[in-house]
Amino acid sequence: MFALLANGTRRELELESFWPHKARLILKFAGVDTISDAEALIGAEIQIPARERANLEAGVQYISDLVGCSVSAKAPEFPAAQELGTVEQVQFGAGEAPLLVIRKGNQEHLIPFAAEYIAAVDVDRKRIELVLPEGMLEINSPLTAEEKKRQGLRSAMETGCQTRTKNTRSFDSAPATRKERGPK
């Protein structure tokens, strides 16, 4: 197995032992015998050669197997399945489900890899089929000319309102006089 370090270098490791600790698994590597040695591995990605990976239960995939898959989707907006592109990477941290970063030319889609959207995954054939709710593909799409026009009008109206607000002094922002404060 290997550790991909934060600086991009790879270091070969041999697993000596492991044990559970709280909600995590502690790994002990041969030759990593001090806290300083272990600190050098903080943030490293542990990589296991594909031939040594454990078999997964049905419906579970390794992230590395998803990268490179072509993705097609069905959605209410279009009658037949549409080719969305290829999974370039998988992002974590935006929610419970990881996001598939799907690219086709200059177009990019960020789609949650969630059971609700997955129709089929075939990692051997490098194919993912999704069923998406209406509007999912428009979330990150560029604005149309009409939307840009409406947004420009809205922005101009907001700027005009802000200008009037800046030049108008409201009662709440005026300094209070002794009489307004009430008796001491």
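The values are calculated or read from the model by the stated rules, or taken from the named source; none is laboratory data. Bear in mind the structure is a predicted one, so any value in this text is a computation, not a measurement. So basically every Cβ, Gly included, is an ideal-geometry build from the backbone, and we count neighbours across all protein chains shown.
Brief remarks on what is shown
- Scanning the range 24-41 for residues that are exposed (fewer than 11 other Cβ atoms within 10 Å of the Cβ), at pLDDT 90 or above and of a type outside the set (Asp, Glu) yields ALA30, GLY31, THR34, ILE35, SER36.
- Condition check for LEU130: touching a Phe, Trp or Tyr at 6+ places or on another chain (Cβ under 6 Å) and modelled with pLDDT of 70 or more: yes
- Every pair of residues 6+ apart whose Cβ atoms lie under 8 Å, when the first sits in the range 13-35 and is in the same structural domain as ILE46 (by TED's automatic domain parsing) and in contact (Cβ under 8 Å) with a residue 12 or more places away in the chain while the second is in a strand (DSSP E or B) and acidic (Asp, Glu): LYS28/GLU16; PHE29/GLU16; ALA30/GLU16
- Scanning the range 97-107 for any residue that is surrounded by 11 or more Cβ atoms within 10 Å (Cβ to Cβ), touching a Gly at 6+ places or on another chain (Cβ under 8 Å), modelled with pLDDT under 90 and not small (Gly, Ala, Ser) turns up at least one such residue.
- Among residues of the range 105-124, those that are farther than 18 Å from LYS74 by Cβ and assigned to a loop (DSSP other than H, G, I, E, B), counted: 4
- Qualifying position, being of a type outside the set (Ser, Thr, Tyr), touching a helix residue (DSSP H, G or I) at 6+ places or on another chain (Cβ under 8 Å) and either in the same structural domain as ILE111 (by TED's automatic domain parsing) or modelled with pLDDT of 90 or more (or both), among VAL67, VAL71, VAL87: VAL87
- Filtered by the rule that a residue be touching a residue at least 60 places away in the same chain (Cβ under 8 Å) and not aliphatic (A, V, I, L, M), the range 74-88 gives a lone residue, GLU77.
- Boolean, ARG51 is under 30 Å from ASN7 (Cβ atoms) and either at pLDDT below 90 or basic (Lys, Arg) (or both): yes
- Residue satisfying all of: in the range 133-154; within 17 Å of the chain's Cα centre (by Cα) and assigned to a loop (DSSP other than H, G, I, E, B); modelled with the highest pLDDT among these: ILE139
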